[in-house]
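Read through the structure below, which is laid out as structure tokens, and then see the notes.
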Amino acid sequence: MHPATIVAGGAFVWAVKNYAESKKRNPRGLPLPPGPRGLPVLGNMFQLPQSEQWKAYEELSKQYGDIVYLEAMGQPILILGALDRTEDMMEKHATIYSDRPTLPIGQFMDMSTSFAFMGYGPEWRHDRRVFHQYLNHNAVSQYYPIMEEEALNLLRKLSADTRRVPRPYSITTYGFDDVEANKRLVEDAAYLVQSFAETIVPGRYLFNSFPSLGKLPDWVPGTGFKDRMRELANLNNEVLTKPFISAKESMTVSSSWALVFAMAAYPEVQKKAQAEIDLVIGNDRLPTLSDRESLPYVAAIVKEVSRWHSVVPLGLSRASSEDSEYNGYFIPKGTIIMMNTWCGNSCTTPKSSTNQWSFIPERYLKDGKLNPKMRDPESAAFGYGTLSNDAIFLMAASMLAVFDIAPPKDEGRQPRGDGV
């Protein structure tokens, strides 16, 4: 038999098998969500961005809508480009779309037991209950005196050196207040979080599509990733044997810089906030967390910082735990779901709006109070916990009560105001 005939016959059998399996998994013949056409076998492998993915995915959302389907080497990927879409899938359909992707590279790095990357199931639900027990609103209030003392320390450090924003709330986050003495620990944790975020980018490592590559000897060309993964696994174990580290520290610092940048770029916003603080608090004391409801404009600034500058542009990926139908589309089991909070937060304003990247706290206010109907961008940045939200509010109110924030005088230029 001619080799071409054998190849053609094999391709026919493969196509028939795939068709039969597809009919079984998707008996109603529902379409996949819209997305760019891919290559045979490789799919959209070469269309997956390797840097600033959130910007590339925003462009895809503009072209195909707020739910975009991609595929790389047989791995289905879903991009959510609107906050309401993300909330609908992650809350109303949480039992189906709250699983975590089972990526071989995560297991290779010994991350599979980490809560953030644990599969949805009884163990995950148990650990989540434990987290909520100690980090719900009532439990977090016990940290308020410590946070307020740290806010005072923050102001003292800023008074001594206004060239940089110190790391706030290191006691409630790390368990110690001398970050400089523990600089290596902090840097290792930040490096680990950043490195793992890079390894789970779809299409970055073939090992995620072909786990058998991990069994090849180290001397085989193309297996250099194994040394990199071992390095990160060792670093992960080292960090876990030291004081507790929270990735939210990095998020808080990132939001701190965004706040300072925004106040320097929008002095009129800063003046309104300071006027509110002077009216409500006066000059006799510093703001506390109990003043939050009385300072709606400052609270709106914190929300606008989260919308304007998303500290986790793509969040942590989720996965579908079963074949399902969503909004008339077929979502295959094991689909990696990526939530583009960078686009989602910026799209809280109408898509036709021209002030998407302008810093406007008033968008969260109605009749002088926080508008409960506005979607909360803080949930995309910090989840639905309150510790980081409270920390950012207290830092913002304290800094605005004491300092005037302006661009460095020696630079002679205004900061840009097109988002961070």
**Test: L279 is under 30 Å from D84 (Cα atoms), surrounded by fewer than 21 Cβ atoms within 10 Å (Cβ to Cβ) and of a type in the set (A, V, I, L, M, F, W, C)** = no
**Residues that are at pLDDT below 80 and either among the hydrophobic types (A, V, I, L, M, F, W, C) or touching a Pro at 6+ places or on another chain (Cβ under 9 Å) (or both), drawn from the stretch 84-114** = L103, P104, I105, Q107, F108, M109, M111
**Asked** Do we have any residue at all in the stretch 315-326 that's modelled with pLDDT under 95, surrounded by 15 or more Cβ atoms within 10 Å (Cβ to Cβ) and on the phi > 0 side of the Ramachandran plot?
**Response** yes
**Message:** Scan the stretch 57-72 and tell me whether some residue there is within 14 Å of I337 (Cβ to Cβ), in contact (Cβ under 8 Å) with a residue 40 or more places away in the chain and within 17 Å of the chain's Cα centre (by Cα).
**Reply:** yes
**Message:** Step by step: first the residues of the stretch 389-420, then only those that are of a type in the set (S, T, N, Q) and modelled with pLDDT of 70 or more, then the one that is farthest from the chain's Cα centre (by Cα). Which residue is that?
**Reply:** S398
**Prompt:** Yes or no: E71 among the charged types (D, E, K, R) and modelled with pLDDT of 90 or more?
**Reply:** yes
**Message:** Against the definition (modelled with pLDDT under 90 and more than 30 Å from S51 (Cβ to Cβ)), how does N283 come out, yes or no?
**Reply:** yes
**Prompt:** Looking at the stretch 240-258, is at least one residue buried (at least 20 other Cβ atoms within 10 Å of the Cβ) and at pLDDT 90 or above?
**Reply:** no
**Message:** Quick check on my filter: what residues within the stretch 115-142 are modelled with pLDDT of 75 or more and among the hydroxyl-bearing types (S, T, Y)?
**Reply:** none
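The values are calculated or read from the model by the stated rules, or taken from the named source; none is laboratory data. What you see is a predicted model, and the numbers here were worked out from it, not measured in a lab. Methodologically, a virtual Cβ is constructed for each residue, glycine included, from the backbone with ideal geometry; neighbour enumeration extends over all protein chains shown.
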